[in-house]
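Every read-out reported here was derived from the displayed coordinates using simple, explicitly stated rules and does not represent laboratory data. Computed from a prediction, not measured in an experiment: that's the story for all the values here. Here the Cβ positions follow ideal geometry from the backbone for every residue, glycine too, while neighbour counts run over all protein chains shown.
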Amino acid sequence: MEQFAFVASHDLQEPLRKIQTFGDRLKMTALENLNENSRVYIDKMLTAAGRMSTLINDLLSFSRLTRLKDSFEQIDLNKIFEDVLTDLELSIQNKKAVIKSGKLPLIVGVPSQLYQLLFNLIRNALKFSRNDVIPEINIKVENVNPRKERISVGNSSSVDAFVRITISDNGIGFENQYAERIFEIFQRLNGRTEFEGTGIGLAICKRIVTNHHGNISATGEPNVGSVFVIELPLKQPEN
């Protein structure tokens, strides 16, 4: 994965940028002189190039998470969540989504990774909403004693407290038989024509939670919604 990341960042991105650049120039300068079929071909070429660029960037993000070099620090998850809502403001407004959350805790973690975790999960809840239903996203927060609830992750015996964050929505949901599969890289339960994406977002979430010595799981029901449960230690285990 690290070797691919190096190749992707240098050898793949450059020709892809040229395809996009010259495709855009062709569309701007010669579109009026092209017939309808040629215009469709250019649009398809640029769409495919854009999809490839997104895929490469997602793979790079995933590969970087396999090498945890970022430092842990105490952060306020409420601030992270506010940043997520700000960045998703346009999607929230367009869908008239209702998002409710309990107070999130202070936690020791990597700010950029925890931002990406919450961003991916909230964005998914918005993306996989039903057309005829206003999206409702509820975030429940609970403090958990790992010994009483038998939470066991890596070196969690040295952790006194976890937080359990439950993110539920009323979207399209999924069959529970795919509850594990959705966290695997490149796994998509819906066609590309229905929902855009590369099938890497939840794999990134899984990696981030693993980096923080936590758990993530999901349940779903078609046309009812999905529930994602994240359990994270408030402080990282002692080495």
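The tail of the calculated P(r) for the range 80-150 beyond 15 Å holds 60 percent of all Cα-Cα pairs. The count of lysine pairs in the range 70-143 with alpha-carbon distances below 22 Å, taking only pairs 8 or more places apart or on different chains, stands at 11.
The phi-based Karplus calculation (6.51 cos²θ - 1.76 cosθ + 1.60; θ = phi - 60°) puts the 3J(HN,Hα) values of the range 219-227 at 9, x, 9, x, 6, 10, x, 10, 10 Hz, whole numbers, x for Gly and Pro. Spin-label model, Leu16/Asn223: points 7 Å from Cα along the beta carbon direction are separated by 3.7 nm.
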